[in-house]
Every structure is written in structure tokens, then in C-alpha cells.
Amino acid sequence: MSDLQPSTVLPGLRFNQRFPLLSLIIERFLLSLVLLFAVSVLIFGGLEALPGDFATTYLGQSATPQAVANIRAELGLNRPVTTRYVEWLGNAVQGNFGTSWASKNSVSEQIGKRLGNSLFLAACAAVISVPLAVGLGMLAVHFRNRLPDKIINVISLAAISLPEFFIGYLLILFFGVKFGIATFPATVYDGMAFVDRLKAIALPTATLVLVVLAHMMRMTRAAILSVMSSAYMETAELKGLSAFRAIVKHAAPNALAPIINVVALNLAYLIVGVVVVEVVFVYPGMGQYMVDAVTVRDMPVVQACGLIFAAVYILLNMVADVLAIVANPRLRHPR
């Protein structure tokens with residue numbers, strides 16, 4: 001028995017030992033799938049548990065019971081919840097989110113247009129905020145406990161404390177109304193010139209940059225400071241490297257794993273947390289689409305948007321975990 005038992009365990013152990021990075025990636029991927037399935041159950045079940053009914057909302061309070069029953073039968077709402085969930089999830093996996101109850105249009109087609117707008121807005125904000133946050137974080141470390149560091153900390157704390165909608169309304173007030181140098185509302189459409197599109201999203205992009213910049217900058221500063229007292233940093237300074245060059249060449253690369261994590265999490269927020277910003281600036285993205293659907297209880301649209309937001313967030317978190325493993329030798333080769 002003692003000779004047979006190791007043979008049943010060794011194949012898995014051999015795979016983990018020979019491909020530790022791949023095994024960790026597969027583990028993260030499987031956990032992400034399980035989490036996404038659980039989220040899909042919560043989304044569908046939570047919306048089903050909400051009080052009220054689309055048929056009543058659509059027909060009005062004066063609707064007869066027979067008319068409400070006809071609408072419910074037409075939409076399939078009189079079928080068991082489990083049957084509808086399995087059918088919805090099976091179609092969603094294939095990219096088919098059904099038809100909007102309110103507009104009768106394909107939800108997948110509408111999401112295809114709106115998702116592109118949201119991704120464009122998030123990408124523009126990321127291109128500005130990520131390098132700026134890393135640069136300011138290194139600058140704050142270089143001038144730590146001095147005036148530039150204190151100014152950066154005060155501004156970042158103020159930015160973190162203000163909610164997105166308040167920052168958005170301030171930017172609209174000053175740059176859109178008083179000075180008239182920015183476009184409001186942020187309207188984009190198919191065939192719009194790239195430069196005009198950039199001008200249209202200037203204010204929502206600035207809002208998102210201010211929201212995520214402070215958090216990424218502070219985490220970058222904290223991550224680099226945590227390695228500043230290491231022996232190799234003292235060795236670098238003894239070799240004659242300037243303080244800022246030592247930070248860029250030695251401290252920042254060794255603090256890469258937590259920086260990658262916080263950047264990936266904030267990128268997820270740029271896509272998922274863009275709902276408030278899109279509503280404030282009347283931007284035709286996924287967030288605005290979902291809010292419009294909520295007001296009329298258009299459940300196929302709300303379910304689709306919720307599932308896509310969850311999938312993007314889980315995917316970016318998984319990417320953050322994988323990149324942190326790749327950037328950290330101790331995680332790549334666990335004992």
C-alpha cells in the first residue's frame with residue numbers, strides 16, 4: 001500500500017514542480033470561472049427578487065390583470081426561474097443576450113456599440129493616468145518628507161476624498177460652462193473623426209484620471225518606499241548612483257508586483273466604475289445604457305451589462321494575479 005500511494009499523488013506533484021507558473025495560472029483561471037458563475041447566479045437571482053414587474057411598469061398602473069398576464073407570457077416570465085436562468089446563461093456563453101424588452105433591439109448589438117465607447121474612454125484615461133501615477137510616485141519617493149512630497153500627498157488625498165460625480169460637475173462648471181473650452185455633453189457617434197472624439201471625451205477622461213491617479217500614485221509610493229531600506233539600495237548608493245537613478249533602476253523594478261496589482265485593479269475600475277461618469281457626462285457607453293435600462297426595468301439589458309462588467313473585472317483581477325506571479329520570482333518558484 002505504501003508503494004502504491006505515492007504513484008497516485010506524484011503525477012499532480014510532478015506537473016506542479018515542472019510547470020509551477022502554468023499550474024498557478026490554471027488555478028487562477030479556474031477560480032475566475034467559478035467566481036463568474038457565482039456572480040451570474042447573484043445577478044439573475046437578485047434581479048428576479050426585486051419588487052415590481054416589467055409588465056406592470058410597461059403597461060402602467062391602469063393595466064388589467066389579463067394584459068399583464070399576456071405580457072408576462074409573451075416574455076416567458078411565467079416559466080420557472082431555474083429554466084430561464086439556464087437558458088439565459090447558455091445563450092450568454094454564446095454571446096447572445098436576447099432582445100431588449102423596451103426597444104425590441106438585439107442586446108448584443110447594442111452592447112457591441114456601447115462597450116466600444118466605454119473601452120475607448122477607459123483606454124484614454126489609462127494612457128494618461130498610469131505613467132503619470134508611476135512617475136509621480138517615484139518623484140514623491142525621491143523628495144520624501146519634503147515639500148514636493150507633501151504637495152503630492154495633499155492633492156492625492158483631496159482627489160481620493162471627492163466622489164466622481166462631484167469632480168465631474170466641477171469640471172463641467174469651470175471648463176464647460178464658465179470658460180467654454182471643453183465639450184459638454186460628451187457625445188460621440190459612428191464615423192466621428194478621431195480628434196473630435198478625443199475633444200468630446202476630454203472632461204470624462206479628466207474625471208477618471210483624477211479619480212484613479214491618486215490611488216495608483218500613493219500605492220506606487222508605498223511600494224517603492226518598502227524596498228528603499230533594502231541592502232541592495234544601500235549598495236547602489238555606495239556605488240555612486242544618484243538617488244533618483246537608484247529609485248528608477250533598482251527600487252521600482254523590485255516593487256513591480258504590487259504596482260502591477262494596483263494598476264490592474266484601477267484599470268478594472270476604469271471600465272466597471274465608469275457608470276457614474278458616463279451618466280454625469282451623458283456619454284453613450286455601457287454605464288449609461290445600463291442606467292437607462294434600470295429605469296424601465298429592462299431586465300435582459302441589465303443582466304447583460306452586469307455580467308459583462310463582472311467578467312471584465314474578474315478577468316483584469318486574474319491578469320493582475322498572473323502578472324504579479326510573473327514579476328515575483330518567489331511566486332514563480334514557490335517552495
| message | Could you give me D for segment 107-331, from Stokes-Einstein at 37 °C and 0.692 mPa s, where the hydrodynamic radius is the Kirkwood radius over C-alpha pairs? Units µm² s⁻¹, please. | response | 172
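Please give the net charge around ILE152, taking every other residue with its beta carbon less than 13 angstrom from that of ILE152, where Lys and Arg add +1 and Asp and Glu add -1. Numbers along the way, then the final one.
Values: positive: ARG144, ARG146, LYS150, ARG218, ARG221; negative: ASP149.
Computed value for this residue: +4.
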| said: I'd like to check one number: the per residue accessible area of segment 107-331, probe 1.4 Å, reported in Å² as a whole number. | reply: 47
| Contour excess over end-to-end distance, with Cα ends at VAL326 and ASP196 and 0.36 nm allotted per residue | 42.9 nm
| query | Under 19 Å from the 7 Å Cα→Cβ point of LEU315, by amide nitrogen: which residues of segment 265-292? | reply | 265-275, 285-290
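The values are calculated or read from the model by the stated rules, or taken from the named source; none is laboratory data. Everything quoted here is computed from the prediction, not taken from an experiment. Positions of Cβ are generated from backbone atoms using ideal geometry, with glycine treated the same way; all protein chains shown enter the neighbour counts. Only protein heavy atoms, including side chains, enter the accessible area calculation; ligands, DNA and RNA are left aside. Shrake-Rupley method; radii C 1.70, N 1.55, O 1.52, S 1.80 Å.
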